[in-house]
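Worksheet: one structure, shown below.
The values are calculated or read from the model by the stated rules, or taken from the named source; none is laboratory data. What you see is a predicted model; the values in this text were computed from it and never measured. A quick note on method: Cβ atoms are made from the backbone with ideal geometry, for glycine too, and the neighbour counts reach across all protein chains shown. For the accessible areas, the whole protein counts, side chains as well, though only heavy atoms, and no ligand, DNA or RNA atoms are used. Shrake-Rupley method; radii C 1.70, N 1.55, O 1.52, S 1.80 Å.
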Protein chains: 2
Amino acid sequence: MTTEHATSVRSPRRERTRERLLDAAFTVFADAGVQTTSIEAVCEAAGFTRGAFYSNFASKEELFHALFERKAREHLQALEDLTASIDADAVATPEGFRDTVRRVLSSFELDEPAHRHWCLMNAEFELLAMRDADAAPEYLATQQRLRAEVGAVLDQLLERFGLRFTVDTAVAVDLLIDAEVAGSRCAVLGAPPEQQSATRLESLVDLLITPR
Amino acid sequence: MTTEHATSVRSPRRERTRERLLDAAFTVFADAGVQTTSIEAVCEAAGFTRGAFYSNFASKEELFHALFERKAREHLQALEDLTASIDADAVATPEGFRDTVRRVLSSFELDEPAHRHWCLMNAEFELLAMRDADAAPEYLATQQRLRAEVGAVLDQLLERFGLRFTVDTAVAVDLLIDAEVAGSRCAVLGAPPEQQSATRLESLVDLLITPR
């Protein structure tokens with residue numbers, strides 16, 4: 001549910017408070033788990049009162065959705081910056097194309113320990129949404145909106161280089177993100193490199209992309 | 001960790017006790033969550049004492065691994081029975097082959113509500129293992145052993161019909177199971193059919209399987 005907080009224009013000071021609450025929540029959620037972390041713990045980590053929290057977010061769930069949106073925006077921006085910087089020469093050879101695809105995909109990976117934190121938080125919110133019929137629709141809607149945006153960016157990129165997906169863009173994006181998420185979780189579990197994202201994605205990209 | 005309980009030969013009575021504990025655990029873990037469910041709650045649901053529990057399992061974690069193994073064995077057996085029942089005529093046409101692959105993949109899906117319970121329990125144990133460096137190695141090892149068995153069954157099936165995977169079997173199995181798991185979680189979240197497993201798997205099977 002989007003409240004007035006999420007859509008209203010915010011003052012710079014309020015924006016900073018909101019950002020600090022999001023930063024603190026990211027760390028404490030990842031460390032201690034979302035379910036067992038109280039709003040008080042988030043406020044304490046950020047150095048704010050409960051009042052400051054509730055003037056920015058209606059609930060812990062709304063805070064998570066804001067975190068998720070912020071992270072997804074960062075990912076999309078990085079992807080757009082990266083694709084804008086690629087020139088046609090770089091992808092003229094099969095090796096060049098492969099390197100470029102690897103760079104594009106690795107733009108979704110954060111440095112440790114942020115990547116680990118992000119994986120844990122995602123897994124926990126997925127589970128919370130699966131267990132809570134009230135939370136599920138918004139979780140799904142956010143996921144689908146962001147996947148659609150990733151699909152639009154990738155379609156544009158492929159078109160620029162005379163390529164296309166071999167399947168529907170929506171299915172391609174689902175398969176790529178499923179593989180990336182599963183591989184990242186394997187990495188958090190301490191799996192060897194061949195069970196992590198890069199191996200899965202390399203094969204998948206070869207299968208999913210073809211000349212127009 | 002495998003204890004003597006898991007490897008010793010069990011009496012029929014003890015085997016029944018063990019199965020009843022596993023059945024009860026499956027239901028209460030799925031309903032209430034693994035983290036918040038006590039061993040006492042599992043014993044109560046099964047109608048046994050704590051003593052009966054500890055003569056079968058060293059810990060809640062060991063109980064989960066036994067549940068996971070049992071479910072995976074059922075899946076593998078269903079897959080083997082199904083592949084043994086397929087004759088060459090059934091896959092001689094593209095339509096026949098597609099139908100057969102769909103039947104093979106749908107053998108992994110349980111009836112509701114068991115499928116939903118299974119998805120929830122899997123998601124929770126994945127998260128617990130991601131958060132617990134002591135639990136992660138066994139979780140990963142179990143996953144990998146079962147994926148290797150699925151790979152061996154699929155390789156045999158493909159060979160019988162003059163087909164092969166377009167990528168390494170291990171990668172193909174990872175991609176298929178990632179897509180199946182992600183699609184099943186979307187189903188639990190209430191996603192529309194095009195975001196569930198069947199759509200992902202249909203595209204993936206076409207990409208992953210080719211004549212020898």
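Brief remarks follow.
- Counting only helices (runs of 4 or more DSSP H) wholly contained in region A:1-99, the ones carrying 3 or more residues that are modelled with pLDDT of 85 or more occupy A:12-32, A:39-46, A:50-54, A:60-85.
- The residue that is farthest from the chain's Cα centre (by Cα), counting only those in region A:187-202 that are open to solvent by less than 20 Å² (accessible area, probe 1.4 Å) and within 9 Å of chain B (Cβ to nearest Cβ), is A:Ala191.
- Residues within region B:20-54 that are open to solvent by 50 Å² or more (accessible area, probe 1.4 Å), touching a residue at least 40 places away in the same chain (Cβ under 8 Å) and more than 14 Å from chain A (Cβ to nearest Cβ), tallied: 1
- When the test is whether a residue is acidic (Asp, Glu), facing another protein chain (nearest Cβ under 10 Å) and open to solvent by 30 Å² or more (accessible area, probe 1.4 Å), B:Glu159 does not pass it.
- Options B:Ala170, B:Ala182: the member that is surrounded by fewer than 21 Cβ atoms within 10 Å (Cβ to Cβ), facing chain A (nearest Cβ under 10 Å) and part of a helix (DSSP H, G or I): B:Ala170
- Residue within region B:140-162 that is not β-branched (Val, Ile, Thr) and not in a helix (DSSP H, G or I) present: yes
- Looking across region A:120-139, the residues that are open to solvent by less than 50 Å² (accessible area, probe 1.4 Å), in a helix (DSSP H, G or I) and more than 7 Å from every other protein chain (Cβ to nearest Cβ) come down to A:Met121, A:Asn122, A:Phe125, A:Leu128.
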